[in-house]
Amino acid sequence: MHKPRLLIVDDKPDVAGAFAEMARQCEYRCLIADCGMTALEIAGWWLPNVVVVDLDMPDDGYGLCSKLRSILDRSLLIAVSDEPVDQAQLYKAEFHHYLVKPVSLDRLKDLLAVPRQAADQGAWPGQPGSA
């Protein structure tokens, strides 16, 4: 069984740590990036299956999503924010999902279930036996 990879992009260590703990409960391996530049570097070599991007960071979360999309064409991209955001901007940036903080563990589990199943079957890029 392959554990899927989740990259958390958040400049607040306590928030990133809470996301990482929730993801580990969903049987994900996690790495944390505290800025967009670090996230792009990690994404390039680690090829996460899921990326959670905090839109409230000083970095441009929407622009980061577009850059991540050029590297990770099959990854699930989830935006999170403290406040409601413009759905058109989320769509344009190619985020798959949007969550308002605080995020419930049940909602995160629901979103992570499909990538978790794909990883179990070795269906993600960068995993042994995947195309």
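Would you mind pulling out the separation of the Cα centroids of region 68-98 and region 1-38, in Å?
16
Any idea how far apart Ser66 and Asp11 come out in nm if each label point goes 7 Å out from Cα toward Cβ?
2.0
Based solely on its DSSP helices, what 222 nm [θ] is calculated for the chain when runs of n ≥ 4 H residues each add -39,500 (n - 2.57) and the sum is averaged over all residues, nearest 500 deg cm²/dmol?
-13500 deg cm²/dmol
Find the accessible area per residue for region 49-114; the probe is 1.4 Å, ligands and nucleic acids are left out, and the unit is Å².
Each residue of region 49-114 exposes 52 Å² on average to a 1.4 Å probe.
Give me the percent of accessible area attributable to carbon and sulfur for region 1-72, probe 1.4 angstrom.
Values: 1810 of 3240 Å².
Carbon plus sulfur share of accessible area: 56 percent.
Along the principal axes of its C-alpha atoms, what lengths does the chain span, in descending order and rounded to whole Å?
Cα extents, longest axis first: 39, 29, 26 Å.
Using the Kyte-Doolittle scale, which helices in the chain average at least -1.0 and also have C-alpha atoms spread 20 Å or more along the helix axis, with helices defined as whole DSSP H runs?
Length and hydropathy pass: 105-120.
Grab the Cα-Cα distance for Val114 and Glu41, subtract it from 0.36 nm times how many residues apart they are, and report the gain in nm with one decimal. Kindly include the intermediate steps, with their values, before the conclusion.
Values: separation 73, 0.36 × 73 = 26.28 nm, distance 2.53 nm.
Gain on extension, Val114 to Glu41, equals 23.7 nm.
The values are calculated or read from the model by the stated rules, or taken from the named source; none is laboratory data. This one's a predicted model, so the numbers in the text were calculated from it and none came from an experiment. Glycine also receives a Cβ, built like all others from the backbone with ideal geometry; neighbour counts cover every protein chain displayed. Note: accessible area is taken over every heavy atom of the protein model, side chains too, but ligands, DNA and RNA are not part of it. Shrake-Rupley method; radii C 1.70, N 1.55, O 1.52, S 1.80 Å.
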